[in-house]
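The values are calculated or read from the model by the stated rules, or taken from the named source; none is laboratory data. Note that the structure is a prediction, hence the values are computed from the model and not measured. When we count neighbours, we look across all protein chains shown, and the Cβ atoms used for this are built from the backbone with ideal geometry, even at glycine. Areas reflect the complete protein model, heavy atoms only, side chains present, ligands, DNA and RNA absent. Shrake-Rupley method; radii C 1.70, N 1.55, O 1.52, S 1.80 Å.
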Amino acid sequence: MKEMTFTIQRFDPAKESAPHRESYTVSVNDGARVLDALEVVRRDHDPSLAIRSCCRAGQCGSCAVRMNGSPVLACMEEAADGMIIEPLELPVIRDLVTDIAPVLQRLATILPSEVAAGLSREEVELIKPLRECIECLSCVSVCPALKVTDFAGPTAMRQEMRCALDPRDTQDRITEAIEKGLFACTTCHRCVEVCPKEIEIPGKAIEKLRERANRAGLTLPRHRAVAELIERTGRSVERSAATFLEQVPEVIEPDGPVKMTIGFFVGCMFNGRVTKPALDAMEVMKRNGIRVVIPHEQVCCGSPLIRTGQTAIVSELKRKNIEAFTSRGIDTVMTICAGCGATLKKDYDTPFTVMDITEILLKAGYELPAKLPITATYHDPCHLLRGQGIADPPRKILEQVVERYIPMPAQCCGAGGGVRSGQPEEAAALGKLRGEAIAATGADIVVTICPFCEFHIQEQTDKPVKNLASLMLEGYKKKDQAKGGD
């Protein structure tokens, strides 16, 4: 047995105007689950504590709560001293019990034909990953789109695709999914991060439904325009001035001895719309002994097409990009765009290794810049944090560039998944929430590693939004000036 003290959020809407927290000290067995600790509280301290549970085996989803801010299944998560237990971010009935009925009522059910045939083995295998859902609604509770728009939510989209894959179903699932907000998903992957069954809803449901919508001629007009631009120019954004590729040679040699040779995948935004951070990144590479090879025939990675379901030419884009680097014998390709990096890592089958700029710098080693006299916060691009699993490297570098770093909770800014182009009001609403979070930190600047996040967030904050590479270069220039003054 061991003793632990933890906190539970209590709230009875019928009697209270706001939630409050109460702490309890309990004795539980080693390895006790959160649900065990909650049941001890109800048995020994307060029988009025409202909790919901059933199977105790992680299969019914009824005991989902938040532990230290993140959704967990209470029956599966190990209890810890000092933990804070709260309900999911859904309407509260009482204490840890939330109202899940409105969400479940929007879930599709199969409408079979009069003569129902059995499923083939192939059909079963396609449906199986989507049938793992236990409807705990952890995904719904954290979905950013649900904060600002009428979206049925991730599990509703998963169920639409599950029904669409079943040949016995007779309902028009594509039109239904669009009515429920199919194009509201930013593909931030927060739903995957909290799912106890690790269901890949964006990739296996939402993007697949969007593909079917495209085949039915139901793609959003702004998304179709992007696809036409890529097909015509090889790029997803129009050029605003001289492009990055027009300003650089194919090979950029470092200032000193070569420690590492890499290829550079520039991406559409850095090539055509915000070239300065990419040019700054090249200076950082030169400073740190990294030779950069830049194939000029590279094109859009295809991410805008994949996320919006317009996949007809994606295989050709992949072929061109892979060949651009393999023809030069490149075995490591660097990205400084979170979306490009996630796409190359997850949607491509590359014969080379793909690494984010922060991974490259930590692997090769880098000269410390002079610290800038500013306070900075960091915005996690969804495609970097969850798409590539990169959280610590940018923060480690940032802390060495600025005098003070203030953490900020990760939250989608609204620019991804085609939402900025297809649902601009939703994107602006999510961007506004990000702007409010930035203001709450009191930081002087916001740092990120995504051109879409940078471009989008800048519209919602009066603080400068800078790429980490640009900030590093500022630190190097300050260091050089100080030496010159000596």
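Points to keep in mind about this one:
- The criterion of being assigned to a helix (DSSP H, G or I), of a type outside the set (S, T, N, Q) and either closer than 25 Å to Lys363 by Cα or open to solvent by 30 Å² or more (accessible area, probe 1.4 Å) (or both) holds for Pro304.
- Qualifying residue in the range 17-34 (condition: closer than 22 Å to Cys136 by Cα, at pLDDT 95 or above and open to solvent by less than 60 Å² (accessible area, probe 1.4 Å)): yes
- Asp462 fulfils the conditions (1) in a helix (DSSP H, G or I); (2) surrounded by fewer than 18 Cβ atoms within 10 Å (Cβ to Cβ) except for a single criterion, (1).
- When the range 159-169 is limited to residues that are within 12 Å of Ala213 (Cβ to Cβ) and under 24 Å from the mean Cα position of the chain (by Cα), the one that is surrounded by the fewest Cβ atoms within 10 Å (Cβ to Cβ) turns out to be Met161.
- Check on Gly365, closer than 20 Å to Tyr476 by Cα, open to solvent by less than 40 Å² (accessible area, probe 1.4 Å), of a type outside the set (A, V, I, L, M, F, W, C) and touching a Lys or Arg at 6+ places or on another chain (Cβ under 8 Å): yes
- Taking the criterion of being of a type in the set (Val, Ile, Thr) and open to solvent by 30 Å² or more (accessible area, probe 1.4 Å), the residues of the range 170-189 that qualify are Thr170, Thr175, Ile178.
- Within the range 159-194, the set of residues being over 30 Å from Leu385 (Cβ atoms) and not aliphatic (A, V, I, L, M) comprises Cys163, Asp166, Pro167, Arg168, Asp169, Thr170, Gln171, Asp172, Arg173, Thr175, Glu176, Glu179.
- Where Phe455 falls short, out of the listed (1) modelled with pLDDT of 95 or more; (2) closer than 16 Å to Ala427 by Cβ: (1)
- Boolean, Thr332 is within 19 Å of Gly289 (Cβ to Cβ) and out of contact with any Lys or Arg (no Cβ under 7 Å at 6 or more places or on another chain): yes
- Note on the range 322-353: among residues that are more than 18 Å from the chain's Cα centre (by Cα) and hydrophobic (A, V, I, L, M, F, W, C), the one that is most open to solvent (accessible area, probe 1.4 Å) is Ile322.
- Test result for Ala18, more than 30 Å from Arg162 (Cβ to Cβ), part of a loop (DSSP other than H, G, I, E, B) and free of Cβ contacts under 8 Å to residues at least 12 places away in the same chain: yes
- Residue within the range 136-147 that is crowded, with 16+ Cβ neighbours inside 10 Å and of a type in the set (S, T, N, Q) present: yes
- The residues of the range 148-158 that are without any contact (Cβ under 8 Å) to a residue 60 or more places away in the chain and either loosely packed, with under 15 Cβ neighbours inside 10 Å or touching a helix residue (DSSP H, G or I) at 6+ places or on another chain (Cβ under 7 Å) (or both), listed by number, are Asp150, Phe151, Gly153, Pro154, Thr155, Met157, Arg158.
- Residue count for the range 351-384, restricted to those that are more than 16 Å from Val266 (Cβ to Cβ) and either assigned to a loop (DSSP other than H, G, I, E, B) or in contact with an Asp or Glu (Cβ under 7 Å, 6 or more places away or on another chain) (or both): 18
- Candidate set from the range 213-251 (those that are of a type in the set (Lys, Arg) and either outside any loop (DSSP other than H, G, I, E, B) or open to solvent by less than 60 Å² (accessible area, probe 1.4 Å) (or both)); member that is farthest from Glu297 (Cα to Cα): Arg215
- Out of Glu77, Glu114, sole residue that is modelled with pLDDT of 95 or more, open to solvent by 70 Å² or more (accessible area, probe 1.4 Å) and on the phi < 0 side of the Ramachandran plot: Glu77
- A single member of Asp44, Asp12 is open to solvent by less than 50 Å² (accessible area, probe 1.4 Å), modelled with pLDDT of 95 or more and either closer than 27 Å to Gly61 by Cβ or more than 32 Å from the chain's Cα centre (by Cα) (or both), and it is Asp12.
- For the range 208-252, the set of residues classified as over 23 Å from the mean Cα position of the chain (by Cα), modelled with pLDDT of 95 or more and hydroxyl-bearing (Ser, Thr, Tyr) consists of Thr233, Thr243, listed by residue number.
- Applying the criterion of being outside any helix (DSSP H, G or I) and under 17 Å from Leu137 (Cβ atoms) to the residues of the range 190-212, the residue that is least open to solvent (accessible area, probe 1.4 Å) is Ile199.
- Enumeration of residues in the range 252-301 that are assigned to a loop (DSSP other than H, G, I, E, B), out of contact with any Gly (no Cβ under 7 Å at 6 or more places or on another chain), open to solvent by 40 Å² or more (accessible area, probe 1.4 Å) and not basic (Lys, Arg): Glu253, Asp255, His296, Glu297
Condition check ((1) open to solvent by 10 Å² or more (accessible area, probe 1.4 Å); (2) over 16 Å from the mean Cα position of the chain (by Cα); (3) closer than 30 Å to Ser236 by Cα; (4) at pLDDT 95 or above) across all residues:
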| position | (1), (2), (3), (4) |
| --- | --- |
| Leu385 | yes, no, yes, yes |
| Gln388 | yes, no, yes, yes |
| Gln400 | yes, yes, no, yes |
| Glu425 | yes, yes, yes, yes |
| Leu430 | no, no, yes, yes |
| Ala437 | yes, yes, yes, yes |
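- Hits in the range 393-437 - residues which are closer than 30 Å to Pro369 by Cβ and in a helix (DSSP H, G or I): Pro393, Pro394, Arg395, Lys396, Ile397, Leu398, Glu399, Gly431, Arg434, Gly435, Ala437
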